[in-house]
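For reference, the structure is listed below as C-alpha cells.
Read-outs throughout are calculated quantities, based only on the coordinates presented, and are distinct from any laboratory measurement. Just so you know, these numbers come straight off a predicted model, no measurement behind them. Don't worry about glycine lacking a Cβ; one is built from the backbone with ideal geometry, like all the others, and counts go over all protein chains shown.
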Amino acid sequence: MNAGPAVGTLGAGLLIVAYGWRYVFLGIGLVSLLWIPAWWKWMPKPPAAPSEAATAPVTGVLEILLQRPFWGSTLGHFC
C-alpha cells in the first residue's frame, strides 16, 4: 500500500514522457473500469431488513475530532 503511489508515480511519469499526459490519463481511467465486474460479483450485500437495534448511532464531526486515534491516523497518513 505504501509503495503503490511511489511506483505509480514513477510508472505514470515514464508513460507521460513517452505518450503524453492525455493518453496516460485516459488509459488509467479505462483500466480502472476493469474493477467494476469484480466489484459487482463480490460486493457486500445489504441486510434484508434493517431493524432499529441494528442501526448505528450517528457520530458528529466534533466527536470524531476529539478522538486520539483519528489524529494518530491523520498524522500517519500525512507523513
| note | Heads up, the range 1-44 by the C-alpha gyration tensor (a ≥ b ≥ c square roots of eigenvalues; a/c under 1.5 rounded, else a/b over b/c prolate, else oblate) looks oblate
| field | Helix-only mean residue ellipticity at 222 nm for the chain, each DSSP H run of n ≥ 4 adding -39500 (n - 2.57), per residue, nearest 500 | value | -20000 deg cm²/dmol
| Full-stretch length increase - Ile28, Leu65 - with 0.36 nm per residue and alpha-carbon distance subtracted | 9.9 nm
| Among rounded, prolate and oblate, which fits the chain when a ≥ b ≥ c are the square roots of the eigenvalues of its C-alpha gyration tensor, a/c under 1.5 means rounded, and a/b larger than b/c means prolate? | oblate
| Rounded to 10°, Cα long-axis angle of helix 21-32 versus longest principal axis of the chain | 50 degrees
| remark: Distance in nm between Leu75 and Met1 label points, each 7 Å along Cα→Cβ, equals 1.9 nm
| note | So the angle from the long Cα axis of helix 68-78 to the longest Cα principal axis of the chain, reported in degrees to the nearest 10, equals 0 degrees
